[in-house]
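Report on one structure; see the data block that follows.
The values are calculated or read from the model by the stated rules, or taken from the named source; none is laboratory data. All of these numbers come straight from a predicted model, not from anything done at the bench. Cβ: placed from backbone, ideal geometry, glycine included. Neighbour counts: every protein chain shown. Please note that ligands, DNA and RNA were not included when accessible areas were found on the heavy atoms of the full protein model with its side chains. Shrake-Rupley method; radii C 1.70, N 1.55, O 1.52, S 1.80 Å.
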Amino acid sequence: MNPIFRKLQASFILHSRALDQAALLLRASVSVQLIQGPLTFANERQYRTMPTHGIGRYKHSIPKEAPKKKKERLQMKPIKMATDTEYGTLNVKVSGYDMILVEHYSQYIHNLCNRLGVKVAESYALPTKTMEVMVMAEQGTKMYIDAILKTHERIVQLSQLNATLCPIFMEVLLKNQPEGVQLSVKQHTEADYLDRFKARPELAGLMAQKLLKGKALPS
């Protein structure tokens, strides 16, 4: 065997033995420390008092949300007046007891306006109206509810409808009007704008009482 290789092998064996002895000594010292004072070892964790420099904080990395804007009250748009060649603001009103037919027919009117180039200012639904049908018994004067009818209404508001196109437009609407659905066309007014909002008599009564109390107080 090569003498150089023998020397390397002997030095490797010596180093391995020295490492094994050091490992044994380290294990023995650790076990002695754990046996002698486990409480002192647990209390000697010094990192609790060290500064963390913001480690673990994440709120600063989240972008701030913009404050929510208050919803502005819906205001009435100016009513366009009719001219010699164009109508002003018109309301095409669709009403009926079947909500599906009313909704589909109003969509048909809207799509027809888009195809003919008629400007649609707004398209909205009016509050549903409820009507109770009362029936009187054959023998007696007591009345009871026989049926409850709900009327659904949709408005397609047109702006600047051409006078020459209006007869053709109305003829197409009447030919495609489904059964049980009523159609009417009228000029838009301020009263029609107020009909969009549901009546709240309780709130109106409270506001009236508040105004009366304010007037009754001495100045």
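Considering only residues that are charged (D, E, K, R) and more than 27 Å from the chain's Cα centre (by Cα), which ones fall in the range 142-159?
Passing the criteria: 142, 146, 150.
Any chance you could count how many residues in the range 186-219 are open to solvent by 60 Å² or more (accessible area, probe 1.4 Å) and of a type in the set (Phe, Trp, Tyr)?
1
Residue under question is residue 192, and the condition is that it be acidic (Asp, Glu), within 16 Å of residue 87 (Cβ to Cβ) and in contact (Cβ under 8 Å) with a residue 60 or more places away in the chain; does it hold?
Yes.
If we keep just the residues of the range 102-156 that are exposed (fewer than 13 other Cβ atoms within 10 Å of the Cβ), among the β-branched types (Val, Ile, Thr) and in contact with an Asp or Glu (Cβ under 9 Å, 6 or more places away or on another chain), which is nearest to residue 86 (Cα to Cα)?
128
Report the residue count in the range 152-179 for those that are in a helix (DSSP H, G or I) and not aliphatic (A, V, I, L, M).
So the count comes out to 5.
Kindly indicate the residue of the range 74-98 that is of a type in the set (Gly, Ala, Ser) and modelled with pLDDT under 90 and also most open to solvent (accessible area, probe 1.4 Å) among those meeting that condition.
82
For residue 159, all conditions in the list (1) under 13 Å from residue 92 (Cα atoms); (2) without any contact (Cβ under 8 Å) to a residue 40 or more places away in the chain; (3) among the hydroxyl-bearing types (Ser, Thr, Tyr) hold save one; what is the number of the exception?
It fails just one condition, (2).
Among (1) among the aliphatic types (A, V, I, L, M); (2) outside any strand (DSSP E or B); (3) open to solvent by less than 60 Å² (accessible area, probe 1.4 Å), which single condition is residue 183 missing?
That leaves (2) as the condition not met.
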